[in-house]
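This report refers to the structure that appears directly beneath it.
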Amino acid sequence: MFEAVFNGNLFKIPEISHSANITNDVWHQALGHLAPSSMDKTLKLYSDADMPAKPKDFICTSCVKSKMTRNSRPSTSRNDRNKLDHVHSDLSGPFPVSSYGNSLYYITLIDDAARVAWVRFMKQKSETTQIIKDFVTEIEHQHHNSPKAFRTDNGGEYVTKDLKGFFESKGIIHEFTPPYSPESNGVAESLNRSIGEAFRAMLESAVTYDKKLWAEAVLTSIDIKNRRPHLALKDLTPYKAFYGSKPLIQHLQHFGRECYIHVPYQKRNDAKKLSPRAQTAIFTGQTNTINHYRVFLPDVMARLYVTCPGPGNTRFI
C-alpha cells in the first residue's frame, strides 16, 4: 500500500526508487492486469524495472471475475458412436414473414455420428412435440432403429409433459444443455448458423428476390449440406455416412434459377390449340422423389409446383 502525502494543494504519491521492493502483484496491476503467463516474458523487455519472479500460487481475483470465459464442451469422437446414438435438435424462428406454406419456424434434427440433418417446418412452436414424435416414427420404420438420446436446449417447446412422456415410453434419454450455453448444443447451433448463411445467399442470388421463399431455401440448403464433405467426417459426406451410398449431384441446380415447365394439356385454358405449352417458373430445389424438382410459379397465384426434369418437362434458362 502507498502512503499519499498532502503538499498543501494535492495528495501526492511519492515515486519509488527501488522497484525491487514492489511485489509481483503490484507490477501485475501496474501493467494493466497482464496475464501471469506473460509476466516472465515482460522481464526481458524493460531495463528500468527489477521485477520479482512470479509466485507459483499467484492469482488475481479481479482477473478471475473480469476475464473468465466458458471453455468449449469437450467433443466426443464419432468413432465411439453409432448413427442415431445421439440426435441434436434446435428451433429457429419466428421469421419476419411466413413462408408460402404459412410456416414461421423450422426445427432441425442432426445425427451426431453421421452429421446428416433433417428439417421440419411449423406455424407454431407448440407443434414441436408432434414433429419429434413423427420423426422418431419415420426413423423406426425407414431405418429399423430408434434414436437413443436427444440433446436440446431448455426452450419451452422441448420442455413439455407430452414430450417427456413420449421419450420415457421409447426409452430415449433427453439431454438438456445448461442455460445460456449455446455451445453445449454446438452441433445444432453450428448447423443453424450455416443454414442462415446459405439461405440468405440463395434468396439474394435468385432471379427474383422473394422473402417468402425462405423455407424452400432452407430445405434446399439442408439437402445440399448432406451431400457435401463435412469436417467432422473423414473423407465422407453425411449422406454416405448415414445411408451407406454415395450421394448423387448431377441433378443439382442453383436455387432461384429461371426455367420453363411444361403445361399439361388438361391445364391449358379453353383455347388449347392457341395456349402456350410452357410457362416461366423459378427453381427452388429437389423433392425426396428421384428426378423431381420443386419450382415456384410467380404468375399462378404464387404457387409451388412439382415437376420432372428433362427437355419435355423442364428447361433451364
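Of note:
- Projected label points at ILE173 and ARG200, each 7 Å from Cα along the beta carbon direction, are separated by 3.6 nanometres.
- Stretchable slack from ASN24 to SER146, in nm (0.36 nm times residue separation minus alpha-carbon distance): 38.0 nm
- Label-point separation, TYR209 to PHE58 (7 Å along Cα→Cβ), nm: 5.4
- Dipole moment magnitude, nearest 20 debye, the range 197-248 about Cα centre, only Lys, Arg, Asp, Glu C-beta charged: 200
- Over 26 Å (Cα to Cα) - which of LYS161/LYS212; LYS212/LYS240; LYS123/LYS211; LYS83/LYS170 fall in this group: LYS161/LYS212; LYS212/LYS240
- Cβ-Cβ FRET estimate between ALA35 and LEU231, R0 fixed at 30 Å, reported to 0.05: 0.50
Laboratory data are not the source of any read-out in this text; all were calculated from the coordinates shown. Everything numeric in this text was worked out from a predicted model, so none of it was measured. With ideal geometry, Cβ positions are generated from the backbone for all residues, glycine too; neighbour counts draw on all protein chains shown.
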